[in-house]
């Protein structure tokens, strides 16, 4: 039977790994954001080109246009997430977490 007091507690913090520095994390986030931004530009221009081809009668181009547009949306969401993480790492955004409300008491 395992008791509460005798077992070792696991680490409960979610900070960066002990070997990583904030500068290296910021560099990786910035590089990922640049690559994601370039991918977004490529996907949006591909969606425009395929959409233009689809309007001019190439029916298979609709599939590629839809795929490129979906990829553009996904890459933009990833870009915004990376920018937010980078701003949080720089300290420009806070890690605000609201308190939970106290449970209501029954009478």
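Bear in mind that the values in this text are calculations on the coordinates, not laboratory data. Just so we're clear, the structure is a prediction, and the values are computed from it rather than from any experiment. Here the Cβ is made from the backbone with ideal geometry for all residues, glycine too, and neighbour counts use every protein chain on show.
Stretching residue 59 away from residue 76 to a fully extended chain increases their span by 3.5 nm, per 0.36 nm per residue minus the current alpha-carbon distance. Between residue 95 and residue 52, the simple label model (points 7 Å from Cα in the Cβ direction) yields a spacing of 4.7 nm.
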